[in-house]
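In what follows, a structure is listed as structure tokens, so that the remarks can point back to it.
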Amino acid sequence: MIKLIVGNWKLYIKSLEEGKKLLKAIDKKMPRGVKTTVVVCPPVALAAALRREYKGKRIAFGTQDTFWETDGAFTGQVSATHLASAGISYVLVGHSERRALGDTDEMVAKKAVSALSAKLHPIICVGETERDQDGKFFSTIEKSVKASLSRIEPKDAGKFTVAYEPVWAIGKTEAASPRVAAEAILYIRKTIADMWGREKAMKVRIIYGASVDAENAALFKEEKSIHGLLPGRASTDAEEFTNIIRAFS
Ligand code: PGA
């Protein structure tokens, strides 16, 4: 499975000028000849503008959210069709920072299928808010995976990615340990296998996000079940982001 590294720029990049500079630096510093797919997710207005200007081939573009409807009276929304027509090819759905603002699993499920219909590659984020001694968080993950994937057809197993993002490790100084991440990823795959069977479950790419940096990227690489990384802060520093690509590829 081709590895995937996705930079979530969040609201950290303040202007088109800043975005241009960062993109240029990433493109320049990116290691040559790596097979890893590299995606950046700027805020939507910048994503469209940067995509239009980017002449290179090595970086793909995503956004941080989308809406599930493609037509009608929905002021302020951006549809998956809009994104696709602006040359965007990936989209995060269900990021915990969106869920904190009201996105439910059901909304995430609708966003994911809408993205697939527009031929975008959705990256569906799931992860527990906190851990408990008894392992109840496993059932939280299971419920969220089942509900967030509920509208996707098993035949589309290879057309989206699941990002395991433990909310308690996002924006912190320390990531989850590779063992903890791998265990949760195994559990997510088992959940998908329960839904769709093992063969389809093996086709789903599952990546890790939350406090990824160049140092821990090398450790995550050792866990073969982790097929990619989703750094936030570290993706807004060209040196650090390309070192993550280098370390993980
Ligand atoms: P972080 O963000 O790398 O800054 O922890 C990750 C994310 O929220 O996707």
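The values are calculated or read from the model by the stated rules, or taken from the named source; none is laboratory data. Bear in mind the structure is a predicted one, so any value in this text is a computation, not a measurement. Don't worry about glycine lacking a Cβ; one is built from the backbone with ideal geometry, like all the others, and counts go over all protein chains shown. Quick note on the areas: whole protein, heavy atoms, side chains included, nothing else; ligands and nucleic acids left out. Shrake-Rupley method; radii C 1.70, N 1.55, O 1.52, S 1.80 Å.
Counting pairs of alpha carbon atoms under 8 Å apart in space and at least six apart in sequence, what relative contact order in percent does the chain give?
22
Would you be so kind as to identify which of Gly33, Phe137, Ile245 lies farthest towards the positive end of the dipole of the chain, taking Lys and Arg as +1 and Asp and Glu as -1 on Cβ and the Cα centre as origin?
Most positive-ward Cα: Gly33.
Report the accessible area of Ser79, computed with a 1.4 Å probe over the heavy atoms of all protein chains in place, in Å² rounded to the nearest 10.
Ignoring ligands and nucleic acids, Ser79 comes out at about 10 Å².
Treat segment 4-248 as a sphere of radius equal to its Kirkwood radius over Cα pairs and apply Stokes-Einstein at 37 °C in a medium of 0.692 mPa s; give the translational diffusion coefficient in µm²/s, rounded to a whole number.
Translational D for this selection: 183 µm²/s.
Please compute the modelled spin-label separation between Thr104 and Glu215, points set 7 Å along Cα→Cβ, answer in nm with one decimal.
4.2
Using mean Cβ contacts within 10 Å as the protection proxy, how do 93-105, 229-241 order, highest first?
Ranking the peptides 93-105, 229-241 by packing returns 229-241, 93-105.
Per residue, how much accessible area does the chain have with a 1.4 Å probe, in Å²?
Ligands and nucleic acids excluded, the figure is 48 Å² per residue.
Just grab the label-to-label distance for Asp156 and Ser85, each label 7 Å out from Cα along the Cβ direction, in nm (one decimal).
2.0
Report the Cα centroid-to-centroid distance between segment 17-92 and segment 100-160 in angstrom, as an integer.
Value for the Cα centre distance between the two parts: 21 Å.
Counting each DSSP H run of 4 or more residues in the chain as -39500 (n - 2.57), what helix-only mean residue ellipticity at 222 nm follows after dividing by all residues, to the nearest 500 deg cm²/dmol?
-12000 deg cm²/dmol
Restricting to Cα pairs below 8 Å that are 6+ residues apart, what does the relative contact order work out to for segment 29-79? Please round to a whole percent.
Normalised by residue count, the contact order of segment 29-79 is 35 percent.
Is there a quick way to get the dipole size of the chain? I mean about its Cα centre, with the Cβ of Lys and Arg at +1 and of Asp and Glu at -1; what is the value in debye to the nearest 20?
With Lys and Arg at +1 and Asp and Glu at -1, about 1080 debye.
Hey, any idea what % of segment 158-249's accessible area is carbon plus sulfur with a 1.4 Å probe?
Taking all protein chains in place, segment 158-249 shows 51 percent carbon and sulfur surface.
Could you give each residue of segment 2-17 its phi-based ³J(HN,Hα) in whole Hz, using Karplus coefficients 6.51, -1.76, 1.60 with θ = phi - 60°, and x for Gly or Pro?
Per residue, the Karplus-derived 3J(HN,Hα) values read 5, 6, 10, 10, 10, x, 9, 6, 6, 9, 6, 8, 8, 8, 4, 4 Hz.
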